[in-house]
Amino acid sequence: MEDLTAMCKRRGFIYPAFETYGGVAGFYDYGPLGSLMKKNIEELWRSFYLSHKNFAEIACPAIVPEAVLKASGHVDRFTDFVSTCPKCKSSYRANRLLKEEIDSSSLTFDGMRDIFKSGKIKCSKCGEKLTEISAFNLMFETKIGGDLKGFLRPETAQGIFINFPNMYRYFREKLPFGVVQIGRGYRNEISPRQGMIRLREFNMAEVEFFFDDPLCKEFEGIKDEKLNIFPKDGHEIELKAHEIYDKNIIRNQSQIYFMVLTRKFLIEAGVDPGRLRFRQHHTQEMAHYAKDCWDVEVYLDEWTEVAGIADRGTYDLDSHMRSSGKDFSVERKRKKIRIKEEKMEEVKKIFDKTDLIKKIEEMEFDENADIDEITIEKITLKKEFFDQYIVKKGKFVPSVIEPSYGIDRILYSILFHNFKQGVLALPPKIAPIKFGVFPLLRKKELKERARDVFEMLNKNGTKCYYDEGGSIGRRYARMDEIGTPFCITVDHQTLEDSTITIRFRDAREQIRVNIKDLAEKVRDLLG
RNA sequence: GCGGCAGUGGUCCAGGGGUUAUGACUUGGGCUUCCCAAGCCCAAGACCCGGGUUCGAUUCCCGGCUGCCGCACCA
């Protein structure tokens, strides 16, 4: 492998954090290029979700009072009890050792410690008695004000869940809708190792999609898209979206829809489609809140999770409803139709049997359905013959599909998949710098013109980099290395006819464009 | 967290108990140069941190931090 980390540091993408003080594992700084790239990835991500009319973004605090995370299960389930063998130094998760004997999920630390003290549990490697356990919670703990216990959020999701009633009102009491949040999450990993892959403070983008109906309006539009899936009791296989649904591999169309969306997003961001798959979690690896979960994995040195699409069911809303005492349930609403009284005589002539009228009036539709006409037994009734009204069918708690993305891992994957022989082949949308701008030679007239071009593009909002150092080849190389897709060069011909050259990173070819057409050309190139 | 190996300019690497600690690349300045890391001149820049041994430690020892490999962990 190329030395990607060296390049990242040398060119200003990523630096190990706190390095001047020796460094701390699991923390990284984004340099100037890394920050721009991260911003670009987040913007692309936003464009995928916020283009849906029933999606909105919110931003919640990173510090969360204990009660919220108690309710979500993180305070109890996010704690690991570890027992280390005094003889051979193997360490085990205490919960796992106990699982075979008793249900340990409800045990407190003290209760669990007593079981170990009794000497019942033995090291599976050397047979020594395991008598000590220690506890650590993977959440960073803090104090809010005087003595209110709080944590740094381990996921942004909880902020969305506890805002559900606000969001339901915002969306004018209509399901389904999605709420997204981009922000930082914090997990106090015991020993983070794999560089950018396991961070203690990381950037995540999460979606909570609240729904009642497992069918999805957008599904029709993506049903022939292919996905490389790896089900828990099968092998890796490429299937079309509708096949995944028809074969009952995933029963929720929205979940499949988000998988397709995720694949498109990642590919557009620069992830190699050939090194991308969706792997279903086995039952025991599933988080406490999930009913079904598909990891989105990208192949780096090994298959690496960069996103996950989980079916959280009603777990979170139920939990917060129970803990807070607030009502998170909503009315299940269905649309029905009723023949207009003044049209009744006319309708009765169309339908010779009155039981068809009864049948029509018993039909139920989605509350969002657009009913222009209704067809029954080959007879069509236009909408001027009936009224449409909403009936309430009782209260329920919506279910949730959660697509959740690790921005840092995605950024690293994109770098990893696109860095070859000193060239970073980033998609223009993702590239931190869009254009390099150079004078061909360091001559006064050329430099002045090049600076003018640079200013013009900058004012236009295009991120550019002006460079007159070294030879022209070296400047191209510098731009190649940081993924700049295009370079503009001002040469002697520019002085005569106001044309410049645009050089393409991947083809290493160039075209000549008049400066007055440049703004438009730039727009074309950046899509 | 456990065990093994490692840490030298921005990057990659050489070396070594004792004056100014190699080299390459990169970077900055200049010359040259009419399109892909050319050449020449000049310059800047480093022994991870703390403690110990020693007259003297970047070098040896111990600890910490960081990185790599194996074990465990990754809800």
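Here is how the numbers come out for the structure above:
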| item | result |
| --- | --- |
| Charge dipole (debye, nearest 20) of chain A; +1 at Cβ of Lys and Arg, -1 at Cβ of Asp and Glu | 940 |
| For peptides A:372-378, A:422-428, A:271-277, A:337-343, sequence by mean Cβ density within 10 Å, most packed first | A:422-428, A:271-277, A:337-343, A:372-378 |
| Fraction of accessible area attributable to carbon and sulfur, chain A (%, probe 1.4 Å) | 48 |
| Kyte-Doolittle at least -1.0, axis length at least 15 Å by Cα - qualifying DSSP helices, chain A | A:32-49, A:253-269, A:407-418 |
| Solvent-accessible area of residue A:329 with every protein chain in place, 1.4 Å probe, in Å² to the nearest 10 | 30 |
| Solvent-accessible area per residue for chain A (1.4 angstrom probe, square angstrom) | 50 |
| Ranked order, A:186, A:15, A:21 - accessible area, probe 1.4 Å, largest first | A:21, A:15, A:186 |
| For chain A, with +1 on Lys and Arg beta carbons and -1 on Asp and Glu, the positive-most of A:17, A:494, A:527 along the dipole | A:17 |
| Label-point gap, in nm, between residue A:236 and residue A:47 - each point 7 angstrom along Cα→Cβ | 2.9 |
| Accessible area in the full protein assembly, largest first, 1.4 Å probe, for A:420, A:336 | A:420, A:336 |
| Coordinate range along principal axes, alpha carbons of chain A, Å, largest first | 89, 83, 52 |
| Antiparallel DSSP beta bridges within region A:433-526, percent to nearest 5 | 55 |
| When region A:433-526 is reduced to its Cα atoms, the Kirkwood hydrodynamic radius in Å | 12.9 |
| Region A:282-429: C-alpha gyration tensor shape, a/c 1.5 cut-off, then a/b vs b/c | prolate |
| Extension reserve of the residue A:493-residue A:288 stretch, reckoned as 0.36 nm per residue once the Cα distance is removed | 67.1 nm |
| Contour excess over end-to-end distance, with Cα ends at residue A:173 and residue A:383 and 0.36 nm allotted per residue | 73.1 nm |
| Segments A:360-371, A:481-492, A:457-468 sorted - mean Cβ within 10 Å per residue, highest first | A:481-492, A:457-468, A:360-371 |
| Heavy atoms of residue A:480: accessible area, 1.4 Å probe, square angstrom to 10 | 10 |
| Accessible area in the full protein assembly, largest first, 1.4 Å probe, for A:384, A:285 | A:384, A:285 |
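The values are calculated or read from the model by the stated rules, or taken from the named source; none is laboratory data. All figures in this text were calculated on a predicted structure; none of them were measured in a lab. Note that we place each Cβ from the backbone using ideal geometry, even for glycine, and neighbour counts take in every protein chain shown. All accessible areas refer to the heavy atoms of the entire protein, side chains included, with ligands and DNA or RNA removed. Shrake-Rupley method; radii C 1.70, N 1.55, O 1.52, S 1.80 Å.
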